[in-house]
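The values are calculated or read from the model by the stated rules, or taken from the named source; none is laboratory data. Because the structure is predicted, anything quoted here is derived from the model rather than measured. Cβ: placed from backbone, ideal geometry, glycine included. Neighbour counts: every protein chain shown. The protein model used for the area step is the full one, side chains on, heavy atoms only, and it has no ligands, DNA or RNA in it. Shrake-Rupley method; radii C 1.70, N 1.55, O 1.52, S 1.80 Å.
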Amino acid sequence: MPIRQLSETMINRIAAGEVVERPASVVKELVENALDAGATRIEIVTAGGGLGLVRVIDDGTGIGSGELTMAVARHCTSKLSNDIHDIRSLGFRGEALPSIGSVARLTIRSRIDGAEAGAEITVVAGRVTETRPAAANRGTMVEVRDLFFATPARLKFMKSERAEAAAITDVVRRTAIAFPAVRFTLAGSDRTPLELPAVEPTPEGRLARIAQVMGAEFPANSLAVDAGREGVHLAGHVSIPSFTRANALQQYAYVNGRPIRDRLIAGALRGAYADVLARDRHPASVLFFSLDPELVDVNVHPAKADVRFRDPGLVRGLMVGTIREALASSGVRAATTDASAMVSAFRPGAFSYGRNGPANGHRGFDAAFRAFTTGGFDPGRSPHRPLGAFGEPGQTAFDAGPLASADQRAAQDLPDETLLDADLGAARAQVHRNYIVAQTRDSLIIVDQHAAHERLVYEALKEALHARPVAAQMLLIPEVVDLPADDADRLVAHAATLQRFGLAIERFGPGAVAVRETPAMLGETNVQQLVRDLADEIADNDTTDTLKMRLDRIASTMACHGSIRSGRILKADEMNALLRQMESTPGSATCNHGRPTYIELKLADIERLFGRR
Ligand code: ADP
Ligand code: MG
């Protein structure tokens, strides 16, 4: 076949293949255009999951009647100056309208300030009509009907109407978070309407918009983050570990106001929560990054949702550091979701650790604590015994009887005055073989001993793990892993770090590494998989977090298996030692799986419950 120049429509359809993946992409492009035009109200209507109709009406600057033909022509934009590295608008490629026009029926009606009348233009499967006068308010109405009717192959790939409608909702929510001062409405026969009233562009307003999108319970269950490093600033909100989701949909990230999806950010979020969340749970988060446009490339993909940071390690480090710090310094609280009035009176534990740490004169308890952690307990019982399984057969309410030693009774007599001022107070009793009841000057505390101990063992193991090199085990025959040459280079460059974690690798020809030792804690492990995962991780982020995370996970599993089970009878000293240890251990307010380790009921609330106040 001879070489020929493709027709304009053909070129636009090829571009549409990337820019307009599905109806939600149309909504995204049109809403971005409205925002770039300075709109304060954006009204979106859809039908048939957006395949039948997408209509976006805005009150922005509008398009002059003389410019409508340009607006739907390829590579025509009013946004990009001469510098592709200095992009401050959401659009810049001049591709969206011509792409949409090449695969659907597109109508644009618009009027600019001061113009007597508006004008309208239509594009059907790439054919552009003459501009004609039309009655219009100031602003722009863009209507897209029969999306992909001109490209039936693409139409076949669409999911159900419901799924497409939901994807549109997600786009609107995601975008709306970054523009609190803009009012968004989304309606149509294919959905329940969504209305996001405008709020002040202040921190409070921003949080109010976030609550509109993420649910009213999010603010109370999240922590604010705000930090900067080397020209990159991060602000936003992240959920507390006990407020989790089954998927990562409620994770929103913005770079200079642009909604983005980025593997680096998703990975860093996982890393930040690795210690406090079960593996199949996901935090909810809203993160705003601001940095010099020069330091980030948004021209990675036509959909403009991917970005490339000049220094990914910096962004990752800033994120993990900031979020971990927020989680630690808040003394992790338990979620308030689904709390009935009664239960919500039980304050989820939230002391700030350290205040009453060992330095505060409770050193003596450390010995007692160690004694009971090493003391015998029944390893045969499942550590995963459900919490709150009250009334086991053969167990009386207070575990009295033969087990009621003098020590135990002592704990039920008068509290030790010197302990009442500690965050978790003085232990008074153990009930149902798992719950320690303690008392402070103004509250009642209930500790889940299994969950608490598991956390403490985990923290101790991790500390040991990262304080000194991890034990390695020599392989009888070194294992050779074939890799692309640059992956091998990167791995070898990190050999010293990997060695600290017990993984000994060395170069083995141009496209391979030889593994001589693996971390003993991992036991028999799939070396090939581990090395490849590490190579991916280093390529993505230039770190060796995979190995660290795997080891932390093993520490977590070991902690779970090695912890005092519920069911173990504790002496008063042992209970108090556990409380003191919790007070001095960061993150001990939740177990490794993010469940709270204790709850607190204020005396004032108890009085309220009994109608005394
Ligand atoms: P881009 O947004 O990358 O510039 P588009 O194809 O999305 O490319 O839009 C082309 C041009 O049409 C924009 O640069 C802008 O000048 C104009 N335009 C599109 N939508 C609107 C709108 N809602 N209000 C005002 N101008 C618009
Ligand atoms: Mg655009």
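Taking amide H as placed 1.01 Å from N in the peptide plane, Ser443 has its amide H under 5 Å from the amide H of Leu603, each at least 5 places away in sequence or on another chain. Between the amide H of Gly257 and those of Phe289, distances stay under 5 Å, these residues lying 5 or more places away or on another chain, with hydrogens modeled in the peptide plane. Compared with the direct C-alpha span, the chain from Ala115 to Glu130 gains 3.5 nm at full extension, assuming 0.36 nm per residue.
Between the beta carbons of Ala467 and Thr40, assuming R0 = 60 Å, the FRET efficiency works out to 0.60 to the nearest 0.05. Placing +1 on the Cβ of every Lys and Arg and -1 on the Cβ of every Asp and Glu, with nothing else charged, gives segment 203-329 a dipole about its Cα centre of roughly 360 debye. For segment 203-329, carbon and sulfur atoms together expose 50% of the accessible surface, with a 1.4 angstrom probe and every protein chain in place.
Extension gain, Leu314-Ile477: 0.36 nm per intervening residue step, less the Cα-Cα distance, totals 54.8 nm. Cross-link partners for Lys159 among the aspartates and glutamates, with Cα-Cα distance under 19 Å and sequence neighbours closer than 8 places in the same chain left out: Glu18, Glu21, Asp146, Asp170, Asp190. Taking θ as phi - 60° and the Karplus parameters 6.51, -1.76 and 1.60, the scalar couplings of segment 74-84 work out to 5, 6, 10, 9, 9, 10, 8, 7, 9, 10, 5 Hz in sequence order, x denoting glycine and proline.
For segment 65-71, the Karplus equation 6.51 cos²θ - 1.76 cosθ + 1.60, evaluated at θ = phi - 60°, returns couplings of 4, x, 9, 4, 5, 5, 4 Hz by residue, with Gly and Pro reported as x.
Multiplying the residue separation of Asp226 and Glu195 by 0.36 nm and removing their Cα-Cα distance gives an extension gain of 8.3 nm.
Cross-linked pairs Lys462/Lys571; Lys571/Lys602; Lys156/Lys304; Lys28/Lys304: Cα-Cα separations exceed 19 Å for Lys462/Lys571; Lys571/Lys602; Lys156/Lys304. Working from label points 7 Å from Cα in the Cα-to-Cβ sense, the Thr418 to Glu204 distance is 4.8 nm.
Close amide-amide hydrogen proximity is noted between Ala134 and Gly118, Ala119, Glu120, each under 5 Å apart and 5 or more residues distant or on a separate chain (H modeled in the peptide plane; Pro and chain starts excluded). Bridge orientation summary for segment 8-196: considering DSSP beta bridges with both residues in this region, about 85 percent are antiparallel.
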